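The values are calculated or read from the model by the stated rules, or taken from the named source; none is laboratory data. In this text the structure is predicted, and so the values were computed from the model without any measurement. Using ideal geometry, Cβ is built from the backbone for each residue, glycine included, and neighbour counts are taken over all protein chains shown. Calculation scope for accessible area: heavy atoms of the full protein, side chains included, ligands and nucleic acids excluded. Shrake-Rupley method; radii C 1.70, N 1.55, O 1.52, S 1.80 Å.
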Amino acid sequence: MHGRPFTVEDLEGMPDDGNRYELIDGMLLVSPAPGARHQKIVAKLVVKLDPSCPDDLHVLPAPFAVRPSHTLEVQPDLLVCSDSDLTDKLLPVAPLLAVEILSPSTALNDLNTKKAVYERLGVPSYWVIDPDVPTSTVFEFGADGLYEKTVVAKADDVFEATKPFPVRFSPAELLGTLK
């Protein structure tokens, strides 16, 4: 595969080894399978979001592909999308919300590479959950058309989201007994 970018067809040939394979502009990103702590936070976030989710939207945890092009496929830890945009296998357009849970192996990509991809795709709201601090950081589009931090909720601070729908929680609630 030297000399050419990776494509989504190449992803389909990757081994089923538990790693997460993503594709950003033809560049392959491989990250280890998430651990129990990470998955429990995702599950708690689904439980927080799903009851408030309107009927025409869906809350989906990874693995679920966002594949807007032949050389781009990402799998946010959690996404919210419109029912009308969804196919059985993937989301071919930007989600309304992308959420990443930071871990030592993914933090650099989540805060830089994937943030830039979500911004470029036009994802209206990007949340980054840092379980070590704990914080929830929200990026949304500013007047200049670029992401800006609109909220940083720490520990027991109540985070009140308006996009893609109203929901309230504190970062500490996502950790529960995982601290």
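Could you count how many residues in segment 133-163 are touching a helix residue (DSSP H, G or I) at 6+ places or on another chain (Cβ under 7 Å) and over 26 Å from G176 (Cβ atoms)?
2
What about A116, is it modelled with pLDDT of 95 or more, open to solvent by less than 70 Å² (accessible area, probe 1.4 Å), in a loop (DSSP other than H, G, I, E, B) and not β-branched (V, I, T)?
Considered against the rule, which asks whether it is modelled with pLDDT of 95 or more, open to solvent by less than 70 Å² (accessible area, probe 1.4 Å), in a loop (DSSP other than H, G, I, E, B) and not β-branched (V, I, T), A116 comes out as no.
A quick yes/no check of all residues on (1) among the small types (G, A, S); (2) more than 28 Å from P171 (Cα to Cα); (3) modelled with pLDDT of 95 or more:
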site: H2; (1), (2), (3): no, yes, no
site: L28; (1), (2), (3): no, yes, no
site: L45; (1), (2), (3): no, no, yes
site: P54; (1), (2), (3): no, no, yes
site: P63; (1), (2), (3): no, no, no
site: D85; (1), (2), (3): no, yes, yes
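Return the residues of segment 121-159 that are of a type outside the set (A, V, I, L, M), open to solvent by 40 Å² or more (accessible area, probe 1.4 Å) and over 18 Å from the mean Cα position of the chain (by Cα); say none if nothing qualifies.
D144, G145, K154, D156, D157
Restricting attention to segment 92-113, report how many residues are β-branched (V, I, T), touching a helix residue (DSSP H, G or I) at 6+ places or on another chain (Cβ under 6 Å) and either open to solvent by less than 20 Å² (accessible area, probe 1.4 Å) or not in a loop (DSSP other than H, G, I, E, B) (or both).
Within segment 92-113, residues that are β-branched (V, I, T), touching a helix residue (DSSP H, G or I) at 6+ places or on another chain (Cβ under 6 Å) and either open to solvent by less than 20 Å² (accessible area, probe 1.4 Å) or not in a loop (DSSP other than H, G, I, E, B) (or both) number 1.
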